[in-house]
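Trainee: Before I ask anything, let me first share the structure, which is written out below as structure tokens.
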Amino acid sequence: FFQQMSEENAPARKTCDPLSATVVDLDNGRTHLPPFLDCVQERNIELVKEHLSGGAPQQDVRHGFYLACKYGYTEIIKLLLARDDVDVNLQDLRRRTGFHYACENGHVEIVKLLLARDNLDVTTKEKVGKTGFHYACKNGHTEIVNLLLARDDLD
């Protein structure tokens, strides 16, 4: 991985490297997020693109999708939705989709991008039976609630 040092004894700053499997902080020996997820979390669009074109592991791409939906990284969602291998209905261990996370956290633009997909299932229920609509209602995200109420496929 790449290291930048301002002086010979200065601590290394970690950065994303498309070729590395993990990032290790040499100063304390801790491992960090896989490089692709680190780039998503840092919202580094150029390195996200580099990872995607370089064959980022599918599991990391899935987790990156959830992360971007949860935290509202719209530009990254646009990149991921342009790919054929991103399943917007794929559920995580809690059976949540990216749509659940976007609705729960009030990310209107991401919800709109997901709703524009023909294959999005807005009725998908997570582990305890809640849909994205439930989360939008619970958290007072009225713009999302109104978008969903205007649809024909909401249960």
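Trainee: Among the residues of the stretch 102-134, write down those that are under 18 Å from residue 71 (Cα atoms) and touching a His at 6+ places or on another chain (Cβ under 6 Å).
Mentor: 106, 132
Trainee: Sticking with this structure for a sec: Can you say whether residue 86 is at pLDDT 95 or above and among the β-branched types (Val, Ile, Thr), as far as the supplied structure shows?
Mentor: no
Trainee: Please go through the stretch 36-56 and give me each residue that is at pLDDT below 80 and in a loop (DSSP other than H, G, I, E, B), ordered by number.
Mentor: Within the stretch 36-56, 42, 43, 44, 56 meet the criteria.
Trainee: Please state which one of 111, 122 is touching a residue at least 24 places away in the same chain (Cβ under 8 Å), touching a Ser or Thr at 6+ places or on another chain (Cβ under 8 Å) and not assigned by TED's automatic domain parsing to the domain that holds residue 53.
Mentor: One residue alone meets the criteria, 122.
Trainee: Out of 72, 64, 54, I need the residue that is of a type in the set (Gly, Ala, Ser), surrounded by 20 or more Cβ atoms within 10 Å (Cβ to Cβ) and in contact (Cβ under 8 Å) with a residue 12 or more places away in the chain. Which one?
Mentor: Exactly one of 72, 64, 54 is of a type in the set (Gly, Ala, Ser), surrounded by 20 or more Cβ atoms within 10 Å (Cβ to Cβ) and in contact (Cβ under 8 Å) with a residue 12 or more places away in the chain, namely 64.
Trainee: Go through the stretch 42-93 and give me each residue that's polar (S, T, N, Q) and over 22 Å from residue 129 (Cα atoms).
Mentor: If the condition is that a residue be polar (S, T, N, Q) and over 22 Å from residue 129 (Cα atoms), then 44, 53, 58, 59, 74 are the ones that fit.
The values are calculated or read from the model by the stated rules, or taken from the named source; none is laboratory data. These figures come from a predicted structure and were not determined experimentally. Cβ sites come from the backbone with ideal geometry, for glycine too, and all protein chains shown count toward neighbours.
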